[in-house]
């Protein structure tokens with residue numbers, strides 16, 4: 001378990017949500033529309049994606065604190081403190097966000113989606129079908 | 001987007017499933033029981049986890065091919081080829097698996113779960129509550 005693994009972002013998330021204080025909380029409902037701008041070199045990996053599908057996206061929570069093991073859920077100090085593994089807090093040892101979004105359009109290497117929680121500029125690391 | 005990010009596994013998955021050919025396919029039903037053996041240094045992050053909860057686990061698909069952009073879904077050559085982003089194939093640029101499992105027991109830093117797809121020895125990278 002001493003090995004580390006490296007992630008190379010596949011693209012970037014573009015969203016109208018620009019700061020963490022404005023962001024919907026992970027796991028809550030979101031109707032935010034934005035886009036997944038994927039690098040050209042991954043174009044072949046799109047085959048089979050189409051509007052109307054739900055996809056799972058993974059992204060790197062680049063503003064997170066990785067040395068934080070306990071938090072007040074949703075940043076609310078009136079709520080009892082919890083371990084990060086029992087929350088969706090972005091602060092966690094490996095700060096990867098996961099959420100389900102709906103494809104609205106695909107134009108070239110850009111996928112417009114609805115249901116985003118991630119901030120503008122968040123590195124995108126994976127797209128998977130929802131099953 | 002030229003930055004890479006490093007993942008440090010938080011533990012290891014122990015499962016009776018020892019090889020990729022025996023593994024349930026990602027996203028299919030699994031009743032496999034196994035355990036998440038988390039490193040002691042993350043014990044504080046468990047607070048709030050309890051038996052009966054569903055949790056989302058993320059793990060590093062350490063046997064995957066990262067340079068593969070298209071596959072026959074579920075390895076079945078009779079099915080049309082698809083881009084990896086429209087599948088749950090372990091082969092993908094950033095080989096991270098995501099699945100929902102149920103907590104059966106927690107003993108020290110070991111969480112026994114039901115519903116595992118991952119192979120024995122897979123590096124565990126995150127645990128999140130399911131919301």
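Restricting to the range B:45-90, name every residue that is surrounded by 18 or more Cβ atoms within 10 Å (Cβ to Cβ), more than 10 Å from chain A (Cβ to nearest Cβ) and in contact with a helix residue (DSSP H, G or I) (Cβ under 8 Å, 6 or more places away or on another chain).
B:90
So which residues in the range A:91-102 are within 11 Å of chain B (Cβ to nearest Cβ) and assigned to a strand (DSSP E or B)?
Looking only at the range A:91-102, we keep the residues that are within 11 Å of chain B (Cβ to nearest Cβ), and these are A:91-100.
Matches in the range A:91-102: A:96, A:97, A:98, A:99, A:100.
Look at residue B:106 and say whether it is under 16 Å from residue B:30 (Cα atoms), at pLDDT 95 or above and assigned to a strand (DSSP E or B).
Values: under 16 Å from residue B:30 (Cα atoms): no; at pLDDT 95 or above: yes; assigned to a strand (DSSP E or B): yes.
No; evaluated as a whole, the condition is false for this residue.
Restricting to the range A:120-131, and then to whatever is at pLDDT 95 or above and assigned to a loop (DSSP other than H, G, I, E, B), can you tell me which residue is surrounded by the fewest Cβ atoms within 10 Å (Cβ to Cβ)?
Here is the first cut: in the range A:120-131, the residues at pLDDT 95 or above are A:120-128.
Among the residues that remain, those that are also assigned to a loop (DSSP other than H, G, I, E, B) are: A:120-122.
Numbers: A:120: 16, A:121: 12, A:122: 25.
Step by step, filter the range A:120-131, then rank; the result is A:121.
Could you please find all residues in the range A:16-34 being buried (at least 21 other Cβ atoms within 10 Å of the Cβ) and either over 30 Å from residue A:73 (Cβ atoms) or at pLDDT 90 or above (or both)?
A:34, the sole residue that qualifies.
With the structure loaded, tell me whether residue A:80 is outside any helix (DSSP H, G or I) and farther than 28 Å from residue B:66 by Cα or whether it fails that test. I'd like the intermediate steps shown before the answer.
On the way: outside any helix (DSSP H, G or I): yes; farther than 28 Å from residue B:66 by Cα: yes.
So residue A:80 passes the test.
When you scan the range B:65-88, do you find a residue that is farther than 21 Å from residue A:44 by Cα, over 12 Å from the mean Cα position of the chain (by Cα) and modelled with pLDDT of 95 or more, even just one? Write out each step before concluding.
Initial filter on the range B:65-88 (farther than 21 Å from residue A:44 by Cα): none.
No, the range B:65-88 contains no residue that is farther than 21 Å from residue A:44 by Cα, over 12 Å from the mean Cα position of the chain (by Cα) and modelled with pLDDT of 95 or more.
Would you mention how many residues in the range B:35-44 are closer than 17 Å to residue B:105 by Cα and surrounded by 16 or more Cβ atoms within 10 Å (Cβ to Cβ)?
4
The values are calculated or read from the model by the stated rules, or taken from the named source; none is laboratory data. Nothing here was measured: the structure is a model prediction, and the numbers come from that model. FYI the Cβ positions are ideal-geometry reconstructions off the backbone, even for glycines, and counts take in every protein chain you see.
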